[in-house]
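Contents: one structure, followed by commentary.
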Amino acid sequence: MPFDPRLFEPLPEAQRRSIDDDFVAFALRRDGRPDVARRRLERREEFFERLAETPRPRWDGDPIDPVEFARWHRGERPLSDAPPLVAWLVQVARANEGEGWGVEYLLDRGGFDGLGGDGGRLRPRDFADLEETYHTRIMREICRSFGVDFELREPPRVIRESVKMMSRLPRRASYMLLLAGELMGTVAFARMASRGEELLEGHPAMQERVRMLMDEILVDEVGHVTFLLGSMKRWQLSAVRRLSLAYAGASGASYGAGLRGEVEALRRGLVEYGLDVMPERVLRRAFVPEAYWPETLSRRSGERPAPA
């Protein structure tokens, strides 16, 4: 994955001024009507309704013991001892700990951008905050497809304190910290999705289901990153790259030695960051300004949700 320096070049001023409206228009098409009081998005609820009506494929691989899975998830047994698929599912179950805790903390305090408190008009991060409430539900659905379930653990203190700090900082500074975390998240989720594809190679029905669920998260994460990138000036973008590397190191240290190899992989992904870490099918559904479109892909018009 070659480093794409265009992502860390500021957009022209006119595009920076319009990116809030561009993202909100995209989110309304993708998400449908927001219900801030109930923390719901119309089309996300429809997605889960369709999911509930669609029978899960039968898992025909090695059975997974829910009790043993829970022990690995709680950290009572070293993850290195788990079978590869179980280890991956534990990572899925843990993947949203920081985001899930952070989103609830922020929403309880009005979100990053006030959740429509300024005359009822929602801003980009309001939609992103609401979108992220669905990610834990998606992760749980992936695990349930294999007969196991989980409850989110509280994230390490460094994650909790960084979220609290972001909630107190001015918007510009909080966005910089947020982007550093979102960059790390896209690399981590892309690696997780790729690993799931490999592990489920011999189980096409389950592979397709997991791919569909992971894509919903990846589409969101790409849009969150590109919106934040597009809103920033040169000095902010330069600082964010350094912050993201520091954030990856601090997060890895807080989770312990068992994930240091994964953290090193995340650091390499951040140093070489490019949107082509994502499958093309994801990018064509995501919010991606033209200036950020990977040069390795054709310039034809991407897929977009139908107009609201």
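Values quoted throughout were computed directly from the atomic coordinates according to the rules given, and no laboratory measurement underlies them. Keep in mind that what you see is a predicted model, and the values were worked out from it rather than measured. Cβ atoms come from the backbone with ideal geometry, glycine included; neighbour counts cover every protein chain shown.
The spread of Cα positions in the chain, taken along each principal axis and listed from longest to shortest, comes to 55, 41, 41 Å.
Rg over Rh for region 7-88 works out to 1.21, using Cα positions for both radii and the Kirkwood form for Rh.
Charge dipole (Cα centre; +1 on Lys/Arg Cβ, -1 on Asp/Glu Cβ; no other charges) of the chain amounts to roughly 840 debye. Between residue 56 and residue 173, the modelled label-to-label distance comes to 4.5 nm, taking each label 7 Å out from Cα in the direction of the beta carbon.
Remark: C-alpha extents of region 103-210 on the principal axes read 51, 30, 22 Å, sorted largest to smallest. Estimated at 0.36 nm per residue, the fully extended path between residue 239 and residue 149 surpasses their Cα-Cα distance by 28.5 nm.
Dipole orientation for the chain: of the candidates 194, 175, 297, 175 has the Cα lying most toward the positive pole (charges on Cβ; Lys, Arg +1; Asp, Glu -1).
Take the Cα of residue 20, step 7 Å toward its Cβ, do the same at residue 296, and the gap between the two points is 3.5 nm. When the Cα positions of 102, 240, 204 are compared along the charge dipole of the chain, 240 comes out farthest toward the positive end, with charges on each C-beta of Lys, Arg, Asp and Glu.
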